[in-house]
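Colleague: Attaching a single structure in structure tokens format; questions to follow.
The values are calculated or read from the model by the stated rules, or taken from the named source; none is laboratory data. What you are looking at is a predicted structure, and each value in this text was computed from that prediction instead of being measured. Every residue, glycine among them, receives a Cβ derived from its backbone with ideal geometry; neighbour counts consider all protein chains shown. Accessible surface areas use protein heavy atoms only, side chains included; no ligands, DNA or RNA. Shrake-Rupley method; radii C 1.70, N 1.55, O 1.52, S 1.80 Å.
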Amino acid sequence: MTKSAAALPAQVAQSLLQRIINQEIQPGAVIPTERELQEQYSVSRTVVREAVKSLEARGLIVNNGGQGATVNANLTDSSTQALLLAFHRAHVTTGDLLKTRLLLEPQIAADAAAHATEVQIRRLHALERAMEALLDSPGTSDGFKVRDAWASADSRFHIALAEASQNPLLAILIEILVGIAWQQRSATEDPINEEQI
């Protein structure tokens with residue numbers, strides 16, 4: 001490692017990031033302690049703390065107080081938040097998000113039809129049945145009661161469909177877009193009805 005004091009935290013953070021990318025440290029796993037990181041990288045405690053804080057600020061690491069820092073199990077959350085901010089600045093509407101999904105999802109469905117495994121097909125059918133049950137359940141006329149359950153089922157279905165396409169980039173993009181779309185809908189406090197689905 002370069003011995004420039006200003007560069008050390010960035011170098012340690014980059015090395016930890018590479019270990020996360022390479023899955024040496026799995027999502028949800030506790031990262032090495034400050035002392036272990038000091039020894040591994042031959043740096044001071046201050047350098048380690050700055051490196052970890054920079055990864056926390058990017059949403060890659062979650063500090064759990066006295067229990068140690070862990071790799072964020074939801075690695076798309078920080079991307080979602082960054083995109084949400086960019087969308088607000090650009091005045092992107094929920095309609096814009098839905099139109100974008102409509103551009104992507106026919107190709108995703110075609111790829112899923114061609115490449116889905118039997119397990120993925122069974123999962124999609126189960127999610128479809130769960131969504132139909134929500135529409136048929138009592139209380140559907142009061143959209144607020146089923147919105148959270150519907151959002152969860154809808155998100156899981158579209159993400160599972162994208163995963164079945166066997167294109168991991170599409171799965172990540174759909175997870176982010178679906179998450180943002182439901183956040184936007186929840187913010188409007190409009191009840192869900194069948195015309196919106």
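Colleague: Let's test the formula: R0 of 22 Å, r as the Cβ-Cβ distance of Gln67 and Glu24. What FRET efficiency results, to the nearest 0.05?
Modeller: On the way: r = 20 Å, r/R0 = 0.92.
Result of the calculation: an efficiency of 0.60.
Colleague: Also, I was wondering about something else. If packing is taken as the mean number of other Cβ atoms within 10 Å per residue, what is the order of 86-94, 121-129, highest first? Walk me through the numbers before you get to the answer.
Modeller: Numbers: 86-94: 11.7, 121-129: 14.1.
Most protected by this proxy first, the peptides run 121-129, 86-94.
Colleague: Please compute the length gained on full extension between Gln166 and Glu36, using 0.36 nm multiplied by the number of residues separating them and subtracting their Cα-Cα distance. Don't skip to the answer; put the middle values down first.
Modeller: Details: separation 130, 0.36 × 130 = 46.80 nm, distance 3.80 nm.
Length gained, Gln166 through Glu36: 43.0 nm.
Colleague: Counting only other residues whose beta carbon sits under 13 Å from that of Ile108, what net charge do I get with K and R as +1, D and E as -1?
Modeller: So the surrounding residues net to -3.
Colleague: With contacts defined as alpha carbon pairs under 8 Å and 6 or more residues apart, what's the relative contact order of the stretch 1-140 in percent?
Modeller: Numbers: 82 pairs, mean separation 25.3, N = 140.
Result for the stretch 1-140 is 18 percent.
Colleague: Another question about this same structure. Tell me, what are the semi-axes, in whole angstrom and largest first, of the equivalent ellipsoid of the stretch 1-151 as set by the roots of 5 times the Cα gyration tensor eigenvalues? The partial results should precede the final answer.
Modeller: Values: eigenvalues 342, 72, 63 Å².
Gyration-tensor ellipsoid for the stretch 1-151: 41, 19, 18 Å.
Colleague: Another question, then. For the stretch 1-108, what % of the accessible area comes from carbon and sulfur atoms, probe 1.4 Å? If you can, show how the numbers build up before the last one.
Modeller: Working: 3570 of 6600 Å².
Its accessible area is 54 percent carbon and sulfur atoms.
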